[in-house]
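Since every read-out is calculated from the coordinates, none of them should be taken as a lab result. All values derive from a computational prediction rather than experimental measurement. Reconstructed Cβ throughout: ideal geometry from the backbone, glycine too, with neighbour counts over all protein chains shown.
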Amino acid sequence: MLGNRNVAHDAFCLVIIGFGLFVIYGGIELSVGSMRRIGPGFFPLGLGGLMVLLGIGLLFERQEDRGEDTRNLRGLFCVSLALAAFAVLLEPIGLFPATMAMVLLVVAAEPDHITPLTVAGIIAGLWAVGYFLFVAVLRLPLEPISSDIWPVF
Amino acid sequence: MELLSNIALGFETAFTAEALFYCFLGCCIGTFVGALPGIGPMVTISVALPLTFGLDPTVALIMLAGIFYGAQYGGSISSILLNLPGTASTAVTALDGYPLAQSGRAGFALFINAVASFCGSSISILVVMAFAPAIAEIALRFNSTEYFAVMVLGLVAACTIGGGSPLKSLIMVVFGLILGIVGMDINSGAMRYTFGFLELTDGISLISVAMGMFGVAEIVRKMAGPSQDAPKSMVADLSLASMLPSRKDLSLLWLPTLRGTAVGSMIGALPGAGPTVAAFMAYATEKKVARDPARFGRGAPEGVAAPEAANNAAVQAAFIPTLSLGIPGDVVMAILLGAMIMHGVVPGPQFISNEPAMFWGLLVSFWLGNLILLFLNLPLIGFLVKIITVPGRILHPVVIFFICLGSYSVANNVFDVFVTLIFGVLGYLLMRRGFHPAPVLLGFILGPMMEENLRRSLVIARGDPSVFLERPASAVMLGLALLLVLLPLRKPVVRILRGRQSQDGPPLS
């Protein structure tokens with residue numbers, strides 16, 4: 001039974017069990033209360049315990065081979081970076097530069113070729129949508145370009 | 001007669017200019033994103049949700065629901081014309097719709113699709129009108145003990161009926177329930193799992209979880225997909241004359257449509273089995289009752305009519321548990337329920353009696369929306385086909401942009417963009433390990449309600465947990481839930497008991 005085990009799967013089960021234990025620990029820290037008057041830690045404690053049990057159960061579940069196995073780490077990395085760049089740049093520098101950085105990073109994640117003109121078109125289109133829909137109509141407190149770096153007179 | 005006066009109230013609510021406009025808008029957006037392969041109604045509703053905060057709650061829900069059922073119409077257009085299902089629930093339609101289109105009867109296939117969808121929805125809306133208030137009335141007699149049991153049963157059923165590994169789905173549900181705990185405890189004021197982030201006081205944003213796990217993760221997965229090139233659209237005769245079916249066709253199709261509707265209405269009301277399962281079941285039923293099953297897959301009109309009636313009926317029927325019990329059967333319903341809560345509407349059995357104008361207005365608007373879709377769809381098909389052919393590399397940055405600003409706009413805070421990012425990465429990693437993100441959202445929405453009902457039950461029972469087994473309704477529901485959990489477990493247990501013999505046993509599904 002232990003002959004051909006899937007190491008990645010087992011490791012993942014251990015992560016799940018570890019997560020359950022962490023939730024249990026958090027629940028105990030929060031005070032479990034009594035059955036008559038349950039404390040803020042009671043429900044988490046139960047769920048953490050359930051998670052541990054399910055994680056142990058998963059260790060014994062036979063895994064099917066999944067055919068589609070194209071890992072896309074480059075995509076994951078670039079798209080994550082795109083969201084992070086947008087979040088970091090949005091307030092200090094402004095909506096337009098944040099959008100530009102985001103689009104460039106998402107485009108970098110694509111395996112296909114994409115012409116610079118198309119990229120410029122996407123950015124310009126999103127600037128228009130961002131400004132008219134989100135700033136003008138929905139009144140998000142955002143500046144196209146931050147007045148700290150581009151003072152408005 | 002009460003029903004008639006209620007429907008009149010519904011018409012009053014749904015026939016205001018504002019409601020009609022947003023119903024129309026929701027249907028248009030839904031058709032559009034439904035037709036686009038890759039962006040589902042799920043992501044669209046999460047993006048649109050913060051944009052509706054300024055609207056009246058009824059109008060907001062009318063629009064968000066319009067996106068959901070509009071997407072069913074749009075999805076079948078790409079299935080029929082391009083053999084490329086826009087949404088999973090319309091994948092079956094491609095089996096016979098695409099061969100029909102190839103044989104030059106694209107217009108006819110689209111016409112059947114539109115009419116069968118409309119019939120399925122309309123009948124199913126009547127089913128909702130009949131059943132939802134009745135179920136709510138029964139549920140009003142529930143106290144917190146039964147309510148807790150219903151939620152347990154709903155969550156377990158959603159995990160075990162839908163297919164895939166039930167164990168993995170259960171893990172995802174529990175993960176969702178745990179995510180729902182994060183934030184300040186309403187009873188004690190204690191901060192739970194916030195790690196010192198003040199932004200998490202109100203909990204993790206539903207929109208961030210949904211957009212991260214479905215939107216971001218899905219785009220990363222799509223990027224690695226095989227072909228990114230725009231599919232070639234078929235040159236098809238889409239004139240009105242080509243669409244109209246003959247009398248013979250009509251007499252052939254009304255029964256499959258009705259059967260599809262019946263299957264869809266039943267399946268749709270169950271938790272866990274949404275429009276996709278309904279469409280597959282309806283198709284299988286047609287194949288079974290057909291005199292000549294070999295025609296299926298080669299352009300049998302029934303193969304379009306039945307699954308289309310079924311998936312649209314299922315979409316409407318899914319509102320039965322959502323509106324009568326406050327328990328969502330699938331992810332999109334979970335998001336809509338989240339939208340109700342964010343708009344300050346309390347879901348649950350009291351909803352229909354507390355907010356009659358909203359309930360009946362919503363149902364009437366569904367019907368109006370389907371009518372709009374019936375007439376909107378046919379003339380717009382040519383235009384939609386052009387849009388479907390937009391390649392992913394242009395679409396992806398646009399979707400990420402909406403996800404970024406959508407998460408930001410919930411609280412005007414970039415913190416939520418980072419939360420979306422974390423859930424995107426997590427969603428992708430989980431998906432690669434064969435975990436589906438849908439149950440996470442169900443657990444996330446129901447978590448706080450479950451805890452509250454558990455707490456109340458224990459207070460009422462003076463701390464005696466056996467109260468859940470002493471009350472008959474709750475005992476039956478918990479028993480059913482336990483049965484659903486144990487049934488799929490029997491195989492691995494037998495395997496473990498048998499030890500080594502099992503090595504060449506049949507693979508688990």
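The table that follows gives values for the structure above.
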item: Gyration tensor verdict on the stretch B:1-121 (Cα atoms; rounded if a/c is under 1.5, prolate if a/b is larger than b/c, oblate otherwise); result: oblate
item: DSSP-loop trypsin sites (Lys or Arg not before Pro) across the stretch A:66-116, with at most 11 other Cβ within 10 angstrom; result: A:Arg66, A:Arg71
item: Label-to-label distance, nm, for residues given as A:Ile28 and B:Val494 (7 Å Cα→Cβ offset); result: 4.0
item: Degrees, to the nearest 10: B:166-181 long Cα axis against longest axis of chain B; result: 60
item: Burial order of peptide ranges B:434-440, A:22-28, B:212-218, B:3-9 (average beta-carbon count within 10 Å, highest first); result: B:212-218, B:434-440, A:22-28, B:3-9
item: Where labels lie 7 Å past Cα in the beta-carbon direction, separation of B:Asn412 and A:Ile114 in nm; result: 3.1
item: Rg to Rh quotient for the stretch A:73-137, alpha carbon positions, Kirkwood Rh; result: 1.00
item: Shape category assigned to the stretch A:22-132 from the gyration tensor of Cα positions, a/c cut at 1.5; result: oblate
item: Surrounding net charge for B:Ala278, when Lys and Arg each add one and Asp and Glu each subtract one, Cβ distance under 14 Å; result: -2
item: Relative packing of peptides B:64-74, B:78-88 - highest average C-beta neighbours within 10 Å first; result: B:64-74, B:78-88
item: For B:399-411, mean number of other protein chain Cβ atoms within 10 Å; result: 6
item: Tilt relative to chain B, helix B:91-100 - C-alpha long axis, 0 to 90 degrees, to 10; result: 0
item: Ratio Rg/Rh, restricted to chain B and using Cα atoms, in which Rh is the Kirkwood radius; result: 0.97
item: Distant-in-sequence amide H partners of A:Gly33 (H built 1.01 Å from N, under 5 Å); result: A:Gly39
item: 10 Å Cβ neighbours from other chains, averaged over peptide A:104-114; result: 5
item: Rounded, prolate or oblate (a/c below 1.5 giving rounded, otherwise prolate when a/b exceeds b/c) for the protein assembly as shown by Cα gyration tensor; result: rounded
item: Cβ neighbours within 10 Å from other chains - mean over A:72-82; result: 6
item: At R0 = 60 Å, FRET efficiency that the Cβ-Cβ distance of A:Val15 and B:Arg295 yields, to 0.05; result: 0.75
item: Ascending count of other beta-carbon atoms within 10 Å, so fewest first, for B:Ile341, B:Ile112; result: B:Ile341, B:Ile112
item: Using a Förster distance of 41 Å, the FRET efficiency for A:Val7-B:Leu469 (Cβ separation, nearest 0.05); result: 0.45
item: 0 to 90° range, to nearest 10: angle between helix A:42-59 axis and chain A longest Cα axis; result: 80
item: Gain on full stretching of the segment that runs from B:Val390 to B:Glu199 - 0.36 nm per residue minus C-alpha separation; result: 65.0 nm
item: Net charge dipole size for chain B [Lys, Arg +1 and Asp, Glu -1 on Cβ; Debye, nearest 20]; result: 1780
